[in-house]
Structure formats: structure tokens, C-alpha cells
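The values are calculated or read from the model by the stated rules, or taken from the named source; none is laboratory data. Remember, it's a predicted structure, so these values are computed and weren't measured experimentally. FYI the Cβ positions are ideal-geometry reconstructions off the backbone, even for glycines, and counts take in every protein chain you see. For accessibility, only protein heavy atoms count, side chains too; no ligands or nucleic acids. Shrake-Rupley method; radii C 1.70, N 1.55, O 1.52, S 1.80 Å.
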Amino acid sequence: MEPLKGLILSGGAGTRLRPITHTSAKQLVPVANKPVLFYGIEALVDAGVKEMGIIIAPETGDEIREAAGDGSQFGAEITYIVQDKPAGLAHAVLTAEEFIGGSPFVMYLGDNLLRDGLRGLVSTFTEHEPDALILLTPVDDPQSYGVAELDGEKIVRLIEKPKDPPSNLALVGVYLFSNLIFEAARSLEPSWRGELEITEAIDKLIDDGRTVRSEVVRGWWKDTGQLADMLEANRLVLEELVTAIEGEVDEASKVEGRVVLGPGARLERSVVRGPAVIGPGAVIEDAFIGPYTSIGDDVHVRRSEVENSIVLAGSVVEDLGTRMEASLLGKEVKLTRSEGMPKTLRLLVGDRSEIKLV
């Protein structure tokens with residue numbers, strides 16, 4: 001079997017993470033201060049897949065290109081493939097046909113995080129050489145996903161967002177294919193969503209008597225498309241943090257639990273309770289940073305408490321007078337409260353933001 005190539009889908013508009021994604025690709029929103037997309041690239045490299053294509057949309061492609069570069073920082077070789085319109089996963093596969101050539105390949109959705117990586121899947125695929133290997137995970141709301149109907153271990157069919165789900169096993173955003181998938185994708189008609197659905201292409205393989213295997217994911221899996229998922233992914237990744245204090249901690253500050261403090265970061269008269277990561281150049285003064293928080297590069301937090309949140313690079317949080325939690329702040333956001341009377345809020349907020357004062 002020739003070596004697998006990788007295909008990472010990094011197009012989608014990220015409507016559920018607005019307003020962050022008005023200005024930034026959702027695959028670049030950081031979890032534990034590392035863009036979600038980088039976890040996928042690293043997982044492929046770790047599984048021995050070095051040659052990969054990243055499918056990008058015209059709107060956010062340049063930003064992704066700039067962040068991931070030619071792949072050398074990951075030990076990979078990256079080719080960028082522009083998908084002119086978001087016409088479905090099977091359409092994305094066809095867009096990459098020239099890049100994939102005759103190779104088998106792993107397709108990975110760029111906003112997914114897998115706790116245990118791809119190594120096991122890749123070795124199962126190489127050993128058994130099926131025409132498709134899909135990854136499944138039990139979910140509470142199968143109506144929202146592509147769901148597998150199984151007979152024992154054999155996949156009978158896949159159903160996209162079923163009203164009456166045949167199982168609670170949903171497709172995770174990782175698929176391994178032989179190049180027969182191209183022929184299957186070419187035979188499709190667009191679905192009611194106007195997209196070429198990958199589930200239908202895999203069903204076509206099943207109908208043609210091809211071997212389609214499935215595995216149930218071990219460890220956790222997260223699709224980081226929404227704020228709650230993003231925060232949970234952040235918590236899950238931070239659970240495995242190893243303490244590394246490179247910045248400065250003054251005498252009046254306390255670091256408790258597992259904390260990463262980047263180079264040039266400073267803690268002054270503050271308490272950081274891990275797991276938490278504080279990026280290079282960040283300044284934390286007279287503040288409390290609680291568990292499950294990721295503070296980006298050059299962020300300033302003064303006289304405030306932040307917990308279970310993600311604060312992106314260059315933001316300022318000052319004098320809040322109340323704890324900020326379960327929040328995601330974009331880049332270069334300024335969040336402050338003025339002293340004195342009357343107690344008023346002054347806000348300059350971007351499009352489609354959501355603010356809850358509780």
C-alpha cells in the first residue's frame with residue numbers, strides 16, 4: 001500500500017463562533033494557546049503522514065497559509081488547495097483529487113480535536129486496507145450528526161441528521177479512504193443543503209459492495225465549532241498540561257497546580273490556579289486567574305478575576321469588579337470598568353457579539 005497523504009479541511013465559515021470568526025478563521029482560534037488546526041497537522045505527522053493538502057476558502061485562506069506556512073515547522077509538507085465555495089465534504093474531496101492522485105488518504109476536519117491522535121486508525125487502515133475507515137463516537141443528540149446504522153460491526157448505511165436515529169454513534173470528523181471515493185463522490189447529486197455529502201459517497205461504496213470499516217473513538221473527541229465546545233476542548237487539553245514557568249513570578253504572587261507561564265510573561269501580586277496557560281509577554285497584576293484558562297500572548301489582566309475562559313492575544317481586562325468566566329474574548333479586546341459614580345458600563349463591541357451581565 002503506498003503511503004497515505006493527508007487532507008485537512010479548513011474552509012468553513014465558522015458561523016457558530018461569531019463574532020470571533022468575522023475576522024479570523026475558526027480553525028485558528030486557539031485551544032490552550034495553540035490554533036485548533038495545528039493539533040490536526042501534528043496528529044497527522046505523528047501518525048506518519050507528512051504530505052498533506054489543506055483545503056482553504058478564498059476568504060480565510062491567506063490567514064491559514066500565513067499561520068501554517070509550508071509545514072516545515074511541523075515536519076510536514078503542506079500544499080494549499082482553494083475550494084471556491086463550501087459545497088460539502090465530498091466536493092472538497094473532489095477539489096483535492098489532483099493533489100491526492102492514486103494515494104489512499106486521511107481526511108481530517110480542521111476544527112476537530114482528538115485526544116488520542118490518529119496513529120491507531122492509520123495502522124488499522126494500513127493493516128486491513130479497506131476502501132473506507134470511519135471513526136464513530138457515542139453522542140447524546142445523534143439527530144445533529146451523521147449517524148451510522150450497524151449490523152454487528154458492519155456498517156449498513158450512514159444517515160445525515162436523522163429524525164429517528166438508528167444508533168447513537170455519530171461520525172467524527174476523520175475519514176480514511178482509498179481513491180475509490182473519488183468515483184463515488186462524482187456520482188452524487190447535491191443534497192437538500194445544496195452540498196455533496198460525504199455520508200452519501202460512503203453509502204455508495206457500501207452499496208457497491210466495497211469494504212467500509214468503522215472504529216469507535218477512544219478517549220475524547222471535540223468539534224470546536226461552538227463556544228461551549230471550545231471551552232470544553234480548552235479544559236480537556238489543559239488537563240494534560242505539564243508545568244513550565246519561563247516568565248517572572250514576583251514574591252507576592254502564587255502559582256498553584258499545573259501552570260505554563262510563557263517567556264517574558266509577568267505575574268505581580270497575583271494568584272494563578274492551574275491548569276492554566278499564560279502566553280509570552282502577558283502581564284497579570286493584582287489578579288486571579290482560575291483553572292481552565294488560556295491567556296494569549298501580550299494580554300494584560302489587572303485587578304480582575306478570570307476563570308474557565310480563553311482570552312486571545314493583545315487583549316486587556318481591567319477593573320472588572322466581578323469574575324469573568326466561561327468566556328471567549330477575541331484579539332485586542334479591551335474590557336474595563338471605570339471607578340467612581342455613577343456605576344455605568346461603556347462598551348465598544350463588534351458585530352454579532354454576545355454579552356451577558358449576570
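Descriptive notes on the structure:
- Net charge over other residues, Cβ less than 10 angstrom from the Cβ of Arg193 (K, R count +1; D, E count -1): -2
- Accessible area per residue in Å² at 1.4 Å probe, computed on region 180-282: 49
- Sequence-distant lysines (8 or more away, or on other chains) whose Cα lies within less than 18 Å of Lys34: Lys26, Lys222, Lys331
- Straight-distance candidates among the lysines for linking to Lys154, with alpha-carbon spacing under 23 Å and chain neighbours fewer than 8 residues away dropped: Lys163, Lys204.
- What a 1.4 Å probe finds exposed on region 175-263 is 46% carbon and sulfur by accessible area, rounded to a whole percent.
- The chain: relative contact order as a whole-number percent, Cα under 8 Å and 6+ apart: 13
- Annotation note: GluC sites (Glu not before Pro) in region 182-265 located in DSSP loop regions with a Cβ neighbour count of at most 15 within 10 Å are Glu239, Glu240, Glu246, Glu251.
- Dipole-positive endmost among Phe99, Val147, Leu133 within the chain (Cβ charges, Cα centre): Val147
- Accessible surface of region 111-159 [probe 1.4 Å, protein heavy atoms]: carbon and sulfur percent: 40
- Averaged over its residues, region 19-142 has an accessible area of 39 Å² per residue, based on protein heavy atoms and a 1.4 Å probe.
- Computed about the Cα centre, the dipole magnitude for the chain is approximately 960 debye when only Lys and Arg (+1) and Asp and Glu (-1) carry charge, each at its Cβ.
- Near Val306: Cβ cut-off under 9 Å, other residues only, Lys/Arg at +1 and Asp/Glu at -1. The net charge is -2.
- Whichever lysines have a C-alpha closer than 16 Å to that of Lys5, once near sequence neighbours (fewer than 8 apart) are set aside: Lys50
- The accessible area of Ser123, taken with all protein chains in place and a 1.4 Å probe, comes to roughly 60 Å².
- Summed side-chain charge close to Trp221 - residues other than Trp221 whose Cβ falls under 13 Å, Lys, Arg +1, Asp, Glu -1: -3
- Taking Thr224, Thr79, Thr60 in turn, the Gaussian network model of the chain (Cα-Cα springs below 10 Å) assigns the largest fluctuation to Thr79.
- Counting protein heavy atoms only, region 284-339 has 42 percent of its accessible area on carbon and sulfur, 1.4 angstrom probe.
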